[in-house]
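Shown next, in structure tokens, is the structure this report addresses.
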Amino acid sequence: MKPILLIEQFIKEAEVFCNFMSEESHPELLGVTDGKAVGTYVEHRFQDYLSDRYTVTIGSSAKGIDFPGEGIQTDIKVTSLTQPQSSCPFKNARQKIYGLGYNLLVFVYDKHDADGK
């Protein structure tokens with residue numbers, strides 16, 4: 001039986017996930033320039049990564065946040081290092097992050113295709 005995911009493990013696993021994602025090549029993303037496609041790819045990989053190791057509630061865009069489980073309450077955002085984006089307008093990062101009522105995990109990627117693009 002898999003252990004229940006707690007916020008402490010969630011944070012540690014996010015770091016581990018980032019490290020191995022940085023070391024892997026991702027042929028599925030070769031030539032992809034759509035940030036939403038990259039974001040969906042990363043979110044699903046992280047969800048699968050956690051589901052393989054823990055008992056965890058996975059949410060969806062339709063349900064609101066990505067990890068709605070008690071004690072986790074975390075939404076994921078994925079954005080490019082070179083061209084950060086947000087799905088909702090805000091004046092500054094403080095306005096975007098504070099007061100949400102849930103946690104926010106931001107994955108920032110720096111994508112380079114094999115041909116240097």
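Residues with amide H under 5 Å of Gly59's amide H, sequence separation 5 or more or different chain, H placed in the peptide plane at 1.01 Å from N; which?
Phe67
Sorting Ser25, Ser80 on the 10 Å Cβ count, fewest up front, what's the list? Intermediate results must be reported in sequence, preceding the final value.
Values: Ser25 8, Ser80 15.
Least crowded to most crowded, the residues run Ser25, Ser80.
What residues have an amide H closer than 5 Å to that of Ile4, excluding those fewer than 5 places away on the same chain, when H is modeled at 1.01 Å from N in the peptide plane?
Thr55
Taking H as built 1.01 Å from N, whose amide H comes closer than 5 Å to the amide H of Phe107, not counting residues under 5 places away?
Distant-sequence amide H within range of Phe107: Lys77, Val78, Thr79.
Given a Förster distance of 41 angstrom, what is the FRET efficiency for Glu23 paired with Thr55, based on the Cβ-Cβ distance and rounded to 0.05? Intermediate results must be reported in sequence, preceding the final value.
On the way: r = 27 Å, r/R0 = 0.66.
Rounded to the nearest 0.05, the efficiency is 0.90.
Residue by residue, what Karplus-based ³J(HN,Hα) values in Hz, rounded to whole numbers, does the range 10-21 have, using 6.51, -1.76 and 1.60 with θ = phi - 60° and x for Gly and Pro?
Result, ordered by residue: 4, 5, 5, 5, 4, 5, 4, 4, 4, 4, 6, 5 Hz.
No value in this document is a laboratory result; all are computed from the given coordinates. Please read these numbers as outputs of a predicted model, since none were measured by experiment. Note that we place each Cβ from the backbone using ideal geometry, even for glycine, and neighbour counts take in every protein chain shown.
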